[in-house]
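The values are calculated or read from the model by the stated rules, or taken from the named source; none is laboratory data. Here the structure is a predicted model, which means the values were calculated and not measured. Neighbour counts are summed over all protein chains in view; Cβ atoms, including those assigned to glycine, are modelled from backbone coordinates with ideal geometry. What goes into the accessible areas is simple: the full protein's heavy atoms, side chains included, and nothing from ligands, DNA or RNA. Shrake-Rupley method; radii C 1.70, N 1.55, O 1.52, S 1.80 Å.
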Amino acid sequence: MKDQISSSPEKLPPALECRDVGRTFMIKRGMFAQKQPLKAVQDINLKINRGDVLAIVGESGCGKTTLAQMLLGLLQPTNGEILLDGQPINSISIKEIATKVQPVFQDPYSSLNPRKTIEQIILLPLIVHKIGTVKDRRERVEKYMRLVGLPKRLVHSYPNQLSGGQRQRVAIARALIMEPKIVVCDEPTSALDVSVQAHILNLLQDLRTKLDLTYAFISHDLAVVEHLADSVAVMYLGRLIEFGKAADIFSNPQHPYTRALLDSVLTPDPSLGLPKITLGKGLPNPLSPPSGCYFHPRCPEATEECHQHTPVLKDTGERLVECHLH
Amino acid sequence: MTVPVVLNVENLSVEITVPAGTLHAVSNLSLKVHQGETLCIVGESGCGKSITSLAIMNLLPSKAKLTADTMSLEGRDLLDIRESEFASLRGDRIGMIFQDPMTSLNPVFRIGEQLEEVYIQHGKGGRKEARERAEFLLEKVGIIAPAERLSQYPHQLSGGLRQRMMIAMTLMCDPAMIIADEPTTALDVTMQAQTLNLLRSLQKECNTGLVLITHDLGIVARMADRVMVMYAGRSVETGTAVEIFEKPTHPYTQGLINCIPVPGRTKPGSHLGSIRGIVPALVGDIEGCMFRNRCDHVSEECYSGEIGLNEISEGRAYRCLLSPEESLRNFKLKGAA
Ligand SMILES: Nc1ncnc2c1ncn2[C@@H]1O[C@H](COP(=O)(O)OP(=O)(O)OP(=O)(O)O)[C@@H](O)[C@H]1O
Ligand SMILES: Nc1ncnc2c1ncn2[C@@H]1O[C@H](COP(=O)(O)OP(=O)(O)OP(=O)(O)O)[C@@H](O)[C@H]1O
Ligand code: SF4
Ligand SMILES: [Mg+2]
Ligand SMILES: [Mg+2]
């Protein structure tokens, strides 16, 4: 009985959790200049529930990839901690992390070694972590190539003999071969044509149900995010400024930046003109962030208070918003 | 009252010599742009969008060979002029905006010098007028403190600012025609919307013809007066933005429209439409329809001969053997009620 209770889904810890996670890089500009701190990610608190798709959105340089690298255990946070299945990620061995969470990156051209065959590329994680016999490995490669829709005849081909979509399938097979439960996708379809993107998005959906996967999904395409995500984290200049269920965020965005982002989406409707975006153009410098709310120089609703004081993240249980107006 | 044609291209073909043979990058492409009109060229990677724009600008790589029946700018024949004459048109009567502004901005000169140089070089006036025009345009493109910005070097500006500088530079001589090749692809979505707004308002104000090249159907729908869908070096469908999105007639256009997720239309989590297979190689001679290997309505006739453009009305055409009625019957907008 006891066992049953503890394995009910609500009682399981989130697949991934960030507690006050931050990452600062020390940057040296010029030969004699002193190193300056660049806070790429600051005070992030969020949870990804099992089986969910969390989308991370925000403009270039806001810290999405830095956060993703930390979720993968590839980069150490300078503050806070990341919990994988409820355990601090830095208490887990690299091999165990690799069996739980795997990446798929943006560029299917540069992320595959051009001198290795498709089979060698896909089974590399198994070799690195010394998993399985030669026969097991070959079988696993076959299984995952089938799952991602790569024809068997390609096992001995090289990446340059594959189309962009096929290469991204190879990257997905390589991630899945460790049989992880969590996949961190950093702009997995940004380099692809829309017809190829559709295949990859459909594949990611199918794999999710078949293999019971959890995704952290970084994308700048908000239409794709709306299509895939269960929850959405909006970042601005390293900070999490809004977080909530995807349906809520899309129907009722609260932070002025989230609203501007959603207003900027160009749906293919020729009866609509271009949206008027009233954001200020003072793009932020991460080395000397603005006072108060980081967003205030561009915010159409900023008040004196936004100038002076950093807003506190408001948590209503369902939604996190970091803005003085909420 | 007819609006004058600024750019007229008929039967443009570009062949590139590659180790494997002859690559047909662009085949028999025709287009017309009127004053103040926006023509969007849309299509997937490798379909020949950039080569088309480089051909019009006379900037093709040397191994590329151009043929055309007509190519004219404001009535002036572009096929029959020397490169030196062409050079004096570029930047003056016709300007180009690239995806990466650093391909046009010189890193070692201040922004101001580069903008002014375009103006002076084309004999529009002296240094003083050039400076005034540059400051005027910078303000137009929404740059605060223009004088200060003009004394900066390209690398000191953000991507968004550089793209605005590029737009300002293209407008220095008040050209009749602008070709913009993926001008906002490198920008964040908020910056993209702002930059497109700007490009559009300046274009309308100056009555400039605009060819806007993009792979983003959202940009096409919101910006285009007319649309050309390209596939494998060919124009496969043309029409107004409304015609293309409401009654797409070529199976490829239909496939494209149905494979993108659209907030409010496609159901979250549902399967997106897709086009099977991949684009064909363009090397060697190919008969029949270029899209046949990916088309759900392919028949035996699609494999031979030249598939001509089927003209439905003036400016509205598609390259497919199906009748418009047949083709539209096949199309159901994904997610629509
Ligand atoms: N290894 C590093 N050393 C120094 N600074 C870094 C490093 N990695 C990232 N940064 C800086 O941290 C900030 C966040 O970068 P990050 O790559 O996480 O952004 P992003 O949101 O993924 O952007 P994009 O959408 O362009 O991929 C940026 O200012 C970046 O310049
Ligand atoms: N310098 C070159 N040498 C050889 N082939 C080329 C060259 N430039 C382009 N091509 C080929 O010509 C065809 C058309 O290319 P083009 O650059 O016009 O495509 P595009 O539609 O602009 O694609 P994208 O969306 O990726 O920019 C492609 O098959 C491409 O490989
Ligand atoms: S806190 Fe103020 S400046 Fe920041 S987003 Fe909210 S309204 Fe704008
Ligand atoms: Mg990134
Ligand atoms: Mg191109």
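Based on this model, can you work out whether residue A:216 counts as within 18 Å of the chain's Cα centre (by Cα), more than 11 Å from chain B (Cβ to nearest Cβ) and touching a residue at least 60 places away in the same chain (Cβ under 8 Å)?
Working: within 18 Å of the chain's Cα centre (by Cα): yes; more than 11 Å from chain B (Cβ to nearest Cβ): yes; touching a residue at least 60 places away in the same chain (Cβ under 8 Å): yes.
So residue A:216 fits the description; yes.
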**Prompt:** Is it true that residue A:102 is within 16 Å of ligand 1 (Cβ to nearest atom) and within 15 Å of residue A:217 (Cα to Cα)?
**Reply:** no
**Prompt:** Which of the residues belonging to the range A:125-144 are in contact with a helix residue (DSSP H, G or I) (Cβ under 7 Å, 6 or more places away or on another chain) and of a type outside the set (D, E, K, R)?
**Reply:** A:125, A:126, A:129, A:132, A:141, A:144
**Of residues in the range B:49-59 being open to solvent by less than 10 Å² (accessible area, probe 1.4 Å) and more than 22 Å from residue B:202 (Cβ to Cβ), the one nearest to the other protein chains (Cβ to nearest Cβ)** = B:52
**Request:** Find the helices (runs of 4 or more DSSP H) located wholly in the range B:89-196 whose residues include 3 or more that are of a type outside the set (Ser, Thr, Tyr) and open to solvent by less than 10 Å² (accessible area, probe 1.4 Å), and list them.
**Result:** B:111-121, B:127-140, B:159-171
**Fill in**
Selection from the range A:227-252 of residues within 12 Å of another protein chain (Cβ to nearest Cβ) and among the basic types (Lys, Arg) yields A:245
**Message:** Which numbered condition in (1) within 16 Å of ligand 2 (Cβ to nearest atom); (2) open to solvent by 60 Å² or more (accessible area, probe 1.4 Å) is the only one that residue B:3 fails?
**Reply:** (1)
**Prompt:** Here are some conditions: (1) closer than 26 Å to residue A:24 by Cα; (2) within 16 Å of ligand 1 (Cβ to nearest atom); (3) open to solvent by less than 20 Å² (accessible area, probe 1.4 Å). Residue A:285 meets all but one. Which one does it not meet?
**Reply:** (3)
**Message:** Quick check on my filter: what residues within the range B:200-215 are away from chain A (no Cβ under 11 Å) and surrounded by 21 or more Cβ atoms within 10 Å (Cβ to Cβ)?
**Reply:** B:203, B:208, B:209, B:210, B:211, B:212, B:213
**Message:** Just the residues that are assigned to a strand (DSSP E or B) and open to solvent by 10 Å² or more (accessible area, probe 1.4 Å), please, taken from the range B:216-235.
**Reply:** B:226, B:234
**Message:** Would you confirm, using the coordinates I've provided, whether residue A:171 is more than 15 Å from the chain's Cα centre (by Cα), touching a residue at least 12 places away in the same chain (Cβ under 8 Å) and within 14 Å of chain B (Cβ to nearest Cβ)?
**Reply:** no
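Among the listed residues A:266, A:272, identify the single one that is open to solvent by 60 Å² or more (accessible area, probe 1.4 Å), within 14 Å of another protein chain (Cβ to nearest Cβ), aliphatic (A, V, I, L, M) and away from ligand 3 (no atom under 16 Å from the Cβ). It would help to see each step written out before you state the result.
Values: A:266 fails: open to solvent by 60 Å² or more (accessible area, probe 1.4 Å).
Exactly one of A:266, A:272 is open to solvent by 60 Å² or more (accessible area, probe 1.4 Å), within 14 Å of another protein chain (Cβ to nearest Cβ), aliphatic (A, V, I, L, M) and away from ligand 3 (no atom under 16 Å from the Cβ), namely A:272.
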**Prompt:** What is the residue count in the range A:45-62 for residues that are within 19 Å of residue A:229 (Cα to Cα) and within 16 Å of ligand 4 (Cβ to nearest atom)?
**Reply:** 6
**Asked** If you go through the range B:60-80, how many residues are more than 16 Å from ligand 5 (Cβ to nearest atom) and either surrounded by 15 or more Cβ atoms within 10 Å (Cβ to Cβ) or assigned to a strand (DSSP E or B) (or both)?
**Response** 12
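Hand me the list of helices (runs of 4 or more DSSP H) wholly inside the range A:101-220 holding 2 or more residues that are more than 16 Å from ligand 3 (Cβ to nearest atom) and open to solvent by 60 Å² or more (accessible area, probe 1.4 Å). If you could, list the steps in order and put the result at the bottom.
Working: elements: A:118-128, A:134-147, A:164-176, A:194-211.
Per the criteria, A:118-128, A:134-147, A:194-211.
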**Prompt:** Are any of the residues in the range A:309-326 over 25 Å from the mean Cα position of the chain (by Cα), away from chain B (no Cβ under 14 Å), open to solvent by 70 Å² or more (accessible area, probe 1.4 Å) and hydrophobic (A, V, I, L, M, F, W, C)?
**Reply:** yes
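If you take the residues in the range B:216-245 that are of a type in the set (Gly, Ala, Ser) and more than 10 Å from chain A (Cβ to nearest Cβ), which one is nearest to ligand 2 (Cβ to nearest atom)? Steps first, answer last, please.
So in the range B:216-245, the residues of a type in the set (Gly, Ala, Ser) come out as B:218, B:221, B:224, B:232-233, B:235, B:239, B:241.
From the residues that got through so far, the ones that are more than 10 Å from chain A (Cβ to nearest Cβ) too are B:232-233, B:235, B:239.
Numbers: B:232: 9, B:233: 7, B:235: 12, B:239: 20 Å.
Looking at residues that are of a type in the set (Gly, Ala, Ser) and more than 10 Å from chain A (Cβ to nearest Cβ), I get B:233.
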**Item:** Any chance residue B:26 is in contact with a Ser or Thr (Cβ under 6 Å, 6 or more places away or on another chain) and either of a type in the set (Val, Ile, Thr) or without any contact (Cβ under 8 Å) to a residue 12 or more places away in the chain (or both)
**Value:** yes
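Checking the conditions here, which among B:56, B:81 is at pLDDT below 95 and of a type in the set (A, V, I, L, M)? Don't jump to the end; show me each part of the working.
Values: B:56 fails: at pLDDT below 95.
Of B:56, B:81, the one residue that is at pLDDT below 95 and of a type in the set (A, V, I, L, M) is B:81.
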**Asked** Could you say whether any residue in the range B:246-255 is of a type in the set (Lys, Arg), within 11 Å of another protein chain (Cβ to nearest Cβ) and in contact with a helix residue (DSSP H, G or I) (Cβ under 8 Å, 6 or more places away or on another chain)?
**Response** no
**Message:** I need the full set of residues from the range A:80-94 which are hydrophobic (A, V, I, L, M, F, W, C) and open to solvent by 60 Å² or more (accessible area, probe 1.4 Å), in order please.
**Reply:** A:94
**Request:** Take residue B:38 and decide whether it is over 21 Å from residue B:91 (Cβ atoms), of a type outside the set (Phe, Trp, Tyr) and more than 16 Å from ligand 4 (Cβ to nearest atom).
**Result:** no
